Amino acid sequence: MLAEADIPMELELIDSQPFFGEVLPEGSWDVGQWAWVGSAGLSALAEFHNQFDPQGLPPDGSNFYRWGTPDSSVDDDSTRRFAEIVEAMNTTVDDAQLRSLIAEAEGILADQAVILPLFSRLVVGAVWGDEIGGYVLNISRAGSTWNIEEWYRTDR
């Protein structure tokens, strides 16, 4: 696929321990694949944007992509504005202001194509409905047992 677009490519598979332990934090990689597991709510959205903060280089921050950092090919008005937005997101308690900041930040990320989501992992949960009551599927990192104290046997 890349060769058809005249993009040279050399694949090097790296075991997960050195990749996540050394290669990723040092930024000595070109393409990687991993997944996020998010949570619901505005604070989770603000936390997600911290991963792209140009001021947040590892190990202190989570900008493993190095977007907008001094060693990035992209350092412009949009990356500087994004850093301002992230700082504002992390200091506001006003829901309306946070929603506005999140919308602006997401617009910048989309415009810059900072990440290219390739797929989404399906989250499923199943119980025997005639035996277990109170189960509610939760797609956040809290997992399927987030409300286990509310489950009950329907046959008792």
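Each value in this text was obtained by applying a stated rule to the coordinates, not by laboratory testing. In this text the structure is predicted, and so the values were computed from the model without any measurement. Quick reminder, even Gly has a Cβ in these numbers, built from the backbone with ideal geometry, and neighbours come from all protein chains shown.
Remarks
- Here the extension length gained between residue 122 and residue 47 equals 24.8 nm, from 0.36 nm per residue of separation less the Cα-Cα distance.
- Protection-proxy order for peptides 129-142, 94-107, 62-75, 8-21, each taking the mean of Cβ atoms within 10 Å per residue, highest first: 62-75, 94-107, 129-142, 8-21
- Alpha-carbon Rg/Rh ratio, for the range 3-144, with Rh computed the Kirkwood way: 1.04
- Taking amide H positions as modeled 1.01 Å from N, with prolines and chain starts lacking one, no residue 5 or more places away or on another chain lies under 5 Å from residue 65.
- Karplus-derived 3J(HN,Hα), 6.51/-1.76/1.60, for each residue of the range 19-36, Hz, glycine and proline x: 5, 6, x, 10, 4, 4, x, 7, x, 9, 9, 10, 9, x, 10, 7, 10, 10
- Between residue 12 and residue 72, the contour length at 0.36 nm per residue exceeds the Cα-Cα span by 19.4 nm.
- Summarising the amide proton neighbourhood of residue 132: residues at separation of 5 or more, or on other chains, whose placed amide H is nearer than 5 Å comprise 154.
- Whole-Hz Karplus values for the range 43-59 come out as 5, 5, 5, 5, 4, 4, 5, 4, 5, 10, 5, x, 8, x, 5, x, x Hz, taken residue by residue from phi with 6.51 cos²θ - 1.76 cosθ + 1.60 and θ = phi - 60°; glycine and proline positions read x.
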